[in-house]
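**Student:** After the structure tokens below, expect a handful of questions from me.
The values are calculated or read from the model by the stated rules, or taken from the named source; none is laboratory data. Quick caveat: nothing in here was measured; it's all calculated off a predicted structure. Cβ placement follows ideal geometry from the backbone for every residue including glycine, while neighbour counts extend to all protein chains displayed.
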Amino acid sequence: MTMMKSFVGAALALALLFAGNAAYAIDPLPFKDRAEELRFQHLAAELRCLVCQNQNLADSDALLAKDLRNEVFEMMQAGKSDSEIKEFLVQRYGDFVLYKPPVKPATWALWFGPALLLFVGAIVLVVVVRRRGAQVAPGAVGEEDLP
């Protein structure tokens, strides 16, 4: 009987968890047509959620993300272009709001850092391998010493 109670308790807890997540579902917006909806989805995918930081605006269920989605939608309804919307958000929140920040001195480490680290790692690997090859003892057994 205790096994049954624990199973029912776990099922109830799981049901409450899913019911709680349903409250955070993304609210549908009244788009004029499919093209406007696709434009909105594209814009929301290019913008970062400032709370989650590893999700775009379209995927996030944070309250700030909901507010930003509504703000983007309102700017679209006001006739703003994609670049004007992005520029407004960058002025307000900085380049961090963009998933693909522009290449400029402030973002060079972000754009070129991984390639630079890979290059330095390759150089270190070559140097270490060469040094180990040069440290082989002169009296080591070689092919000429074999009978």
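**Student:** Given the conditions (1) assigned by TED's automatic domain parsing to the domain that holds PHE31; (2) in a helix (DSSP H, G or I), and given that TRP108 satisfies all but one, which numbered condition is not satisfied?
**Tutor:** Only one criterion is unmet by TRP108, namely (1).
**Student:** Among the residues of region 68-105, what is the count of those that are buried (at least 16 other Cβ atoms within 10 Å of the Cβ) and either of a type in the set (Lys, Arg) or outside any helix (DSSP H, G or I) (or both)? Please lay out each step first, then the result.
**Tutor:** Initially, region 68-105 is screened for residues buried (at least 16 other Cβ atoms within 10 Å of the Cβ), giving 68-69, 72-73, 75-76, 85-86, 89-90, 97-98, 101.
Going one step further and asking which of them are either of a type in the set (Lys, Arg) or outside any helix (DSSP H, G or I) (or both), we end up with 69, 86, 98, 101.
Of the residues in region 68-105, 4 are buried (at least 16 other Cβ atoms within 10 Å of the Cβ) and either of a type in the set (Lys, Arg) or outside any helix (DSSP H, G or I) (or both).
**Student:** Still on this model: Would you call LEU50 surrounded by 10 or more Cβ atoms within 10 Å (Cβ to Cβ), modelled with pLDDT of 90 or more and within 20 Å of ILE85 (Cα to Cα)? Write out each step before concluding.
**Tutor:** On the way: surrounded by 10 or more Cβ atoms within 10 Å (Cβ to Cβ): yes; modelled with pLDDT of 90 or more: no; within 20 Å of ILE85 (Cα to Cα): yes.
Answer is no for this residue.
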